[in-house]
Each structure stands twice: as C-alpha cells, then as structure tokens.
1. Roll a 1.4 angstrom probe over the protein heavy atoms and tell me the percent of accessible area of chain C that is carbon or sulfur.
2. Return an integer: the convex hull volume of the alpha-carbon atoms of chain A, in Å³ per residue.
3. Expressed as a fraction of 2.2 N^0.38 Å, the rule-of-thumb size for a compact globular protein of N residues, what is the C-alpha radius of gyration of chain C?
4. Out of residues 5 or more away from C:Gly220 or on other chains, whose amide H comes under 5 Å of its own, with H placed 1.01 Å from N in the peptide plane?
5. Take the Cα coordinates of the range C:337-424, assign each an equal point scatterer, and use the Debye formula without solvent to give log10 I(q)/I(0) at q = 0.14, 0.20, 0.22 Å⁻¹.
6. Per-residue Cβ counts within 10 Å, from other chains only, averaged over A:255-261: what number is that?
7. With r as the distance between the Cβ atoms of A:Ala11 and A:Gln78 and R0 = 56 Å, compute the FRET efficiency 1/(1 + (r/R0)^6) and round to 0.05.
8. If you put +1 on each Lys and Arg Cβ and -1 on each Asp and Glu Cβ, how big is the dipole of the protein assembly as shown around its Cα centre, in Debye rounded to 20?
Amino acid sequence: MSSLARLRPLAIPALAVLSAFIVGSVFLIFTDIPALQVLFAGRPVDFLTTAFGNVVHAYVALLTGAFGDPPRFAEAIQQGTPQAWATAVRPLSETLVAATPLIFTGLAIAVSFRSGVFNIGGDGQFVLGALGATATALLLRGFPAPITLLASLVAGIVFGAAWGFIPGFLKARTGAHEVITTIMLNYVALQIVQLALRTDFMRPPKGSEPISQVIDFVRVPALLPLPGLRLHWGFVVALIVAAMVSYFLFRTTKGFELRSAGLNLTAARYAGMSAGGSIILAMVVSGALAGLGGAFQVLGTVTQMSNDIDAGYGWTAIALSLLGGNRPSGVIIAAILFGALNNGGHEMQIETAIPLDLLVFIQALVIMFVAAPDLVRQIYRLRPKSAEPGAPASEGAAA
Amino acid sequence: MTATAAPVNGLVPAVSEAARRAQRSARIRGIVIAALGLIAFGLASGSMTTDVTFKFWLQQQGKAFAQVDTSPGELWILAGIATGVTGIWQLWRGAAVRWRLWLVLWLPFWVIAIMGHLLVGQTAVLTNLFSSSLEYAFPISMGAFAAMICERSGMFDIAVEGQMLVGACAASIAGSMALQWLGPDAGTIAGPIVGPTVAALSGMAIGLLMAWLAIRYHVDQIISGTVVNFGALGLTNFMYLRVLQTYTDYNTPPTIEKIQIPLLADVPVLGPIFFQGTPYMYIGWIVMVVLTYFIFRTRWGLRLRASGEYPQAAATVGINVIAIRYRAMLLAGAIAGFAGSYLSLHSAGSFQMNMSAGKGWIAIAAMIFGAWNPIGAFGAALVFGFADAAQQLLSITGVDIPPQFLASVPYIMTVIVVAGVVGRVRGPAMAGQPYEQG
Amino acid sequence: MRLELREITKQFPGVLANDRISIAADRGKVLGLLGENGAGKTTLMNILSGLYRPDSGEILIDGTPRVFNDPAEAISAGIGMVHQHFMLVPVFDVVQSVALGAEPVTGAVRTFDRTTARARVVELSTQYGLDVDPDAKIENLPVGVRQRVEILKALYRKSDILVLDEPSAVLTPGETEELFTIIRGLAASGTTIIFITHKLNEVLEVADTITVLRRGRVAGTVLPSETNREELANLMVGRDVELTVTRGKAHPGEAVLEIKDVFVRNDRDEMAVRGANLEVHAGEIVAIAGVQGNGQTELVEAITGLRRVDSGHIRIAGATVDQAKPRKVSDLGVAHIPEDRMRDGLVKAMTVAENYILDSYHREPYSRGGRFDRTSIAREAQRGVDEFDIRTPSIETHVGNLSGGNQQKMIVAREFSRPVKLVVAAQPTRGLDVGSIEYIHKRIIEQRDAGAAILIVSTELDEVLALGDRVAVMFSGRIVGVLPSEQATKEAVGMLMGGVH
C-alpha cells in the first residue's frame, strides 16, 4: 500500500491527461466528415469502426512521432551507423527540442505561482528574451562565438526580466492587477518585435518578410554527435536551471520569502518579510526564466527571430505549472510530456492529416481538469484528499 | 474620480490625506497639460505654410465632397489653445475638475493635429475614417460589454477573446449550413439570423462552463478564462484545418452587408458616418443604450452591482448571488459570441484561423478604460477603433509610420490606467473573488 | 409581534455554539441579549436571520412555529437585522441601499422605481426620526448614519422584529444616545427589538428584559428593575472554570513597553484605539481584558509593527517603534504570539521546520549569505519540538496537519527560541485543550521569571485573572483601568469590560 499511496499525488494529473484525450477523441470522431457520411448513409457500425480506427491510428502516430518507432531502433542496433541511429533517435530528440522552451516558461510560471503572483505574461517575456538575444548576437557579430553566445543569453535574461519587472513593480507600488498588465504587455511585446523586425538592422538584406537574419554563427552546440539532430545544450541548461530554481525556492532565504508570501501573505508580513519586494522579485525571476527560454529558442533551435517564434509557450506554461504541481521536477516531466504531444502531433498531422491544433485543445482540457480536481475525483469516484500539500496556484494567488 | 474623501469619523480631520493628495496630483496634471499646450504652439511655428486637405462626404451616392484646406500649423494652434485652456482650468480649480471629461476637450485636437502633420500634402476623407472607426469599434465594444456584465456581477471574465473566436467559427458554420440546407433563397435570408444566433448560443455555452467551473468546482477564474482562450484557439484552428479548409461549403456563410437607413443615410456628413453601416453597428448602439439603462436603472442592474460589490450584503437581503452570477455569465457569453459572428459574417465573409486577433483583450482594455460603464466602454472602443482606422488610412496614403505604434496604444493606455498613473478607476470591489453561499 | 426561540441547539465541529437556548420578546418590548465573545450570540442571530438552520429547537412568531431556509424567508416573516459589520454596498446611495432586495419596480423590464422608494425612505426617516440624506452615497456617510440606513432597511421591509447586533460597537457616545432614542421610539410604535451587546449599562438603559448568555447557554433572564450591574457581570462572566496556574510573586524591573496616547485605525479607517496608555515592566505580566473589538487587535498590531500608529508613541526597550516594520520590532527582542494563528502565525502548507524558522530564517545559524543551513535548521527545529513537547510525526510534517494545541506550541517554541525582552501574546490559548493551555501558561510565566516583560491580551477572563500580575481592561479603544492582581476580581473586571467605570 505504501508505494501505491506514494503514487496518489500523480492520480489527478494522470487522470486529467486521460480525460483530456478522451474528450479530444470525441471531437475527433465528430469532425471526421468521411466517417460521418458513412453514418448518414445508414451504416452506424461502419461509422464506429472507421471513426474509432482513425482515432487509434492518430494516437498511435502521436506516440511513435513523440518517442520513436521500435523497428527503427532495431534497425539502428543492427546497422550501428550514425545515420541509422539518428533516424531512430530523431523523434525523441525532437520531443526534447520541443520540451526545452516549455521547461523554461513552465519554470517561470511555477516561480510566479509559488509566490502568489499570476504571471500571464510568459509570452511577452519569452519573445522579448528572444529578441534581445537576436539583437545582441547581431550587434556582436564578429566577436568570438562563445562570447557572443554568452552575451546573447544574458541579453535574453535581461530583456525577459525587465518585461517581468514592469508588472511586478506596478503591482507592488500601485496594486495594478498583474493579470491585466501582463496580458497587455504581451501584446505590446509582440508589437515591439514586429517593429524591430522591420528595421534594417534585423532584416536580412533585400528581405521583406518579418523575419530576422539567420544568426547561426552563434548557434548553441548540438548535444548528440549524430548528424541532423537539433537537440542542443539548451536542454541540458534547462535541466540545470530547473535544479537551480529548485535550489533557489527551497534552499535560500529569498526563495523562502517568496514561498511564504505565496502561501500566506499575512503570515509573511507577520514574519517581517516585505510583500512588495517579494512580488517584484518573483516577477523578475519569472521574466528572466522566460526570457532565457526565448534566447535558447532563437539561439539553439530556430536560429532566426520571427513573429511566430512564440507558439503560445506562455500559455502552455500555465498548464505545465499546474500539471507539475508548481514543482521544478514536475514542470520538467510535464514539459517533456507536452513536448512529446507537440512533436508527436507533427507526425500525426503528416500521417493522418489531423491538425496539430487538436493538441492545443487537449492541453487546455488538461489545465481544466487539473484545476478542478474535485471534478476529476467525481468522474472517477476517488476519495477526497485529506490535506493539500504543495502550492495550488488558485490559493492566494488571485488576491 | 480621485477626490473621494475617507469616511468621516469624530476623530478624523476634516480634510483627509487622500483629498490632499488628489489636490496635489490635480495641480501637477494641470501643469503638465498646460505645458503640452505650449509645446503645441511651438510645433505650430514651424509648419504654417505647408498644407493638408480634409474631405467630407456630403452623401455617398452623389459622391459629393466638402473640403477643408488647412495646414498643420493651424491645427497645432487649435490644439495649443484647447490644451492650454484645459490646463489652466485644471490648475485653477484643482481636484474639483474631473480630468477624464476634460480629456475629451483637448485630446481630439492633438489627434487631428498629429494626423495633419503626418498627412502633409495629402488628401484624407475623414467621413470614411469615422465610419470605419465605428465599424472597427463594434466587436471591441461588445466584448467590453460582455466583460463588464461579468465583472459587475463579481465574476472575472478574461475569456472574451475565446468566446469571440468560437462565436466567429460557429456563426460561419451555422450560416453556411443554413445556406446549404435551405437553398440560396431562404438560406440567404435565414443565414444572417441563424449564424449570429448560434454564435450567441456557443458563447453562452462557454459562459456556462466557466461559471460552473468557478462556482461549483472553485476553479480560479483566471485559470478557467485561460483554459477557454487557449482551448478556443486550439478547437477553432482544429475545426478550420480538419473540416472547413477541405469542406469549404461549411465556411461560406451568407454575409451580412451594410444597410442604408432611408432618409438618414442621405444627411450630409452624418449620413455616411452613422447611417450606412452594418446591422451590427446599429445593434451595438442599441446594446449600449439598453445596457446602460439596465445596469443603472433596473432592479436587475441594482442586484447585479450589489453582488459584484458586496455579495454578503446582497445575500442578507435575500438575493441569490449565485443565480445572478450564472445569469450574468450566460448573458456575457451571448454578447461575446454574437460579437464574434461579426468577424466571420461581415468583415471576412468566412471563418479564418485566430481571426479575433486580440480583440477580446482590447475589449477588456476598453472596459477598464471606460470605467466599467457601457457608455465609457463604447467611447474607449471608438478610440481604439479610430486607432485602427487611422492606421489603415495612413498606410494607404503611404505615410511611413510603423503601424505598431498605433496598435500598441490600447494596451499601453490600459497598463497606465490600471496602474492608476493618471487617476485610478475603480472596478467592482469583489470581481473575481469566489463567493460561498451561507 | 411576539418572538420566541425554544430550546435552540446548534453544533459546529468541536463547538456547541448554542445549547438549548430559549428566549422570548414581546411586541413593543426590548429584549437585551447580553454576553461575552463566544457566548453564542452571533450564532443565535444567524439562525434567526435564516443563514444557519438549528440542529434542534424551534422559532415561534406569535406562537406559530416558523422555519427559515434562507434570509429571504426570515425577512418575509418580519425579521429585520442590523449587522455589526454593516451590510451596505459602499458605492450605492441611501435609497438604493435601503431598497435593495425589496425594490419597487415599474414596467416590463422592472425599472427600479426610485421615486417611490425615495418617498418611502423619506417618509420612514421622518416618522422614526432617522435623519438621513436619501441621496448620499454610503461610503461618504459616517458610521452612525450608516447604522440608521441599516435600521431603515429593516423598517422598509416592514420588519416587526428588529435584531441589532452590537449596535454601539462602532458608535461614539453621542451617537449611541441617539440610537437609544430611536430604539425607544421604535418599541413605542410596536416593533419588537432584540438588542445584542456586551455592555452592561446599555442593556440596563434600554432593555425591558435581559437574557444573559454564557458559553452557549442561557445563564439567566432578569428584569432591569430587579437587577444591578454586579449581578449582570456575574451572570455574564460566570464562575464555572477555575484555571490552576501557580506563579510566584513578580519582581517588576524597568519599563520595557511604553504606550503613550496611542491612536490606531482599523482596516475600515475607523479609529479603533483612541488614546491608550500602558506600561509593561520587565519581569511582570500585564494582561489586557476586554470584549473582542474594543481595539485590542489593533493595539497589538501597532506594537508589533503590523499597523501604523496614527498618533502617540510606542517605545520598546527605549526605541520608538511608531512606524517600525515587523522585522525591526522583532530585532528588538519581541516575541509575538498572534491572535489568529492560522492566518498570521503559521503557513499551513509548510513543514514544522519551515514554520519554526518563519520569522528568524534570515539569522544565523539558520542561514548564511542567503543560503539555508539545513542541518542547523533540522537540529534547532527538532530541539524546539522536543523541548516544547510538540506532537508531530516529524519536522517535515505540514503544520496544517497538527492539532491546534501543537500548532500553538509550535508558535510559542519559535517565538521563545530567540532572546526575548518582551512577549506580546494575543489570545494565546484560544480554542486549545486544557493540557496545552496549562503548558503554554507555564512557559509564559517562565519567560517572566527570566526577566521578560509580558503583555497578554485575552478575551478569556479566567486566563487574564490567572496570569496577570496587573490586569488592564480595554474598552472602546482605551485602557479604562489597571488593577493589581489582588484587586482584580471578576466583578471588578467584568464591570470595566462592560463599560462601567
């Protein structure tokens, strides 16, 4: 029983993901027009087999796309060539590539939720971090690559932190609700990016698209010595940063202040902590993490700044943070899961023509179910939990 | 807005600290405004000789114009006078002057002067500018009304964006299906009714879901709003790519066209601005008036506001706060969904991915900027719509100003207002706070 | 109308709030309901207003049993409430506030008929002498006028039974006099009035009958003409629990805490502490008695830096702390046991060890250079747990899972883990079992004997009398009397608590 009991905290997230996929498949079935035509032609059994077959096909494609195809691994072991290994490992590599920015933004949101601040501005901080990194790379072109790379990463941190500082400062000083300000600043950030992408400094010569020059001269080195794999050291840094965030939150006095303020602001005041300082610090750290994520995305994965560099990472991050219980380790697991979904979704899209956006919808459902644990418990008839450890974002954060 | 005195009590001094602070900031505001007036005069001196032409449609059909030839310098002088007078008035009367109203007096002059400055040597048809401002303002103002109803009831609605998007998608599909099933004759008549109705219903369904999650399962309303926005984007993109893109019949709804109001449409200048729009525009006006009346003059409004300001007080006099909040979320959902139908049935003529493009957020900005008041929100939506229309005008006339500046205005203004930098606006006290029935 | 409650019983988890309470009030009469905090007054009132349903017992109006499922039903039965914390929407005007929930309407869209409502408000306010500007906004009205609006609300609903909960708590003496005039007028016109209070003088002045509640039960029903303050005080505070505390004689040293003419506002911007004066010396315990809401909370918060002093001075060990932050106060050697331990004193979702260092985490040996020394924390926390006999599975257990007694011991252990010059303990044993109470009392006396100055604030008279070397009584924001322990009898203190001095 004891090992089962230890798995209990995982029950809600696991069931939430399961429920989301079930709801997702319902939508898949009811948008399967060819199958529906079969139904309207009066063949319900054929409809069910076709529609369900399609759902299974889609989800299998999702899995192999996310984690790799067993036959390919067998082939790789037989042949042993780097090429064969690269083919076999590529899906996994791509999953981790997709997970990397999610880890950063997920950590950013986790820090803010832990501190009782609702940072909905992960998007803006992420894109500005990417923009700062790109601009710095272009500015320092010609310097030795490691220096440029380092400076660009720092610029990403600084830009993101600055974009987090504004709403933090406003909340601490004037009580401006951070949800409103961060959302508005997201849009301002997108406009800043568009503006920057119009400048000759950013644009490739003769370019007219809103896309920057390629900055592969400062590329983050690849992690695996296999040809054509995009997985880069950014992923490892993400794991290290997660460990650092964990250390910061749980082993330092500042982290202690943030967590206390997030869990019980009046007790934090009683204990002599500064509420305003905690809010600002939380937002700055949160922004810095998202900004660093943006920097790695542009320096490691896409090598080019564009309007659509941000694929809703700031929003997905809210799901990740909730799913991971606002714990860095949980965020990593959730980010890899979502990375797998996104990456496997590409495979699914290619294989079955089912749009990748289904997964955005499924992710939203995951947030909904995780945020309403009582709903999940009701559906699956679980016993209510006696005490709630951890830091549910819904407590205290909205104040 | 700032000069509310603290509750008086036997021992509290007559002039409270808050009032003194308000007086001081009013003085500072006066100085700043007056200084802006001086700047305007300064700008005028350099540009008296260049010219700019503003045209007005006298009426649409006859293509008759009236035109005003002026120069940026003259416009700047007007702006300088308006601003200077306002600034001095504010300085003189201090906190007694409600700055928000006075903004209306001088800010438009600045806008006109800046436009004149940018349009040097060009001709601009202002009638078109104003009528498209009104059109662009429609979805924003309706979204603002939706969010306002929620917040007035004590709920926090950040899902306007998602409700609009789903509304747009549902309207297009429903309108197209009506066209398919009823044939081109009946369908063209029924589609424009069925589409918006289904859009409103889909918005209501989302509102119900959010209210249910928040009230029954205590889901934080920011989280549930995020779920809806994010999910709506995923769902509508999915629908578009999986169904609508391939089966285009389902995405060719009968569109909703502009209507000329007989007689009024022929009134010079005003006709082309106000009476040649889509039915949506007229509905927007009607909703504004009706909502203002309902919120401030009816029993429903009184109870709605009470449950947003002090739910316990409402409950102790026997009002069912929970029911009020459910109904408010349903109504808001209907309005937001209906606003979404405008996007697919009028602007674009079909559903496109992410076609709400942030309008739901601008709507929330308009609500805040309009101080949770339908008329104020409508005014703010007009300002934002004007920013849109002006941006288009400038890009058509080839003025090289990055559109991003104007596009950012609503967002930056909202941050400033929320932060209380220029006078705090106060929303319903308990918006977003969960309420437990006794 | 005649209102009668028979054998009303209401049980909450762990508390029997109302135990077979029976009261009766006749038409046109004023029933005074007298009791301390926790006597069950508020629960009884919530039952009457339809917010709670009693576990057993019945409510009779003119002899007919009635059941109220929600406030609307109580209102329609003719019961009007004036809550201690006014139930008025600040941004509404008087007419709107009064009519809310019973609005006259016209037309198909149910337009609020303001003219009718306003006319009725004006009519009622002239009829009953409740002087109110019907068009004024609530947030701009002084509290006394707000209360009149609350009474108007009840009259507007044609309430025949008016329940006033601690109506004078926020009023100035002048306003209270006006209130009494209003109450007498209402009674004369046939309204039945239930007047809930803890102030002896007030019930004696306005009530026709007085029912005294104590610990959830009726302690007695008397007529004002046949009783006196002493008897009422006795009934109110009772003699039923004897706390056994053994303490030696105090040896007071120099003043550690000095409070001079201090004024402090509460959250609603009302002046809660109005010119308090008190000194606490090293090596003595000063216990402040008083009914909840007389400014004790605000005074404690002002001393500990959680609230700004409006005027006057507070000095701790010679340092002025009028505007000091909590951290500075704690650095002066102040231990603070807060009134509401779950809200202020503990972070439920954190562990015992983390709570043990909650207000000294930044000091050595817990941390160095901003980083925690987990070994030291574990060692010290474990020592605290052992020393104070805190029953917990481990120091990694979340504090929310401990019992109330152990949570409070946890706070005491933490606060006494530092060198202490002054102990400020607010309601240190509220809601605890007898064993924990005795233990905490013992620890506090140890601190006194070690030379600390101790300030205890408690609404439990027994605790105050058992611990205090000197007993101060707080009433209406002032310290209305300081008695040495020999003179601090229940009667004497009870009279001061009821505002008789």
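The values are calculated or read from the model by the stated rules, or taken from the named source; none is laboratory data. Computed from a predicted structure; not experimentally measured. All Cβ positions, even for glycine, are placed from backbone atoms using ideal geometry, and neighbour counts span all protein chains on display. What goes into the accessible areas is simple: the full protein's heavy atoms, side chains included, and nothing from ligands, DNA or RNA. Shrake-Rupley method; radii C 1.70, N 1.55, O 1.52, S 1.80 Å.
1. Values: 9390 of 19390 Å².
Carbon-and-sulfur percentage of accessible area, whole number: 48.
2. Working: hull volume 75.2 nm³, N = 399.
Spread over its residues, the Cα hull of chain A gives 188 Å³ apiece.
3. Values: Rg = 24.9 Å, N = 501, 2.2 N^0.38 = 23.4 Å.
Against the compact-globule rule of thumb, the ratio is 1.07.
4. Those lying under 5 Å, H to H, from C:Gly220 are C:Val212.
5. -0.43, -0.90, -1.08
6. Numbers: counts 3, 11, 2, 0, 4, 7, 1.
The per-residue average across the peptide is 4.
7. Details: r = 41 Å, r/R0 = 0.73.
The calculated FRET efficiency here is 0.85.
8. On the way: 105 positive and 105 negative charges, 221 e Å.
Result for the protein assembly as shown is approximately 1060 debye, rounded to the nearest 20.
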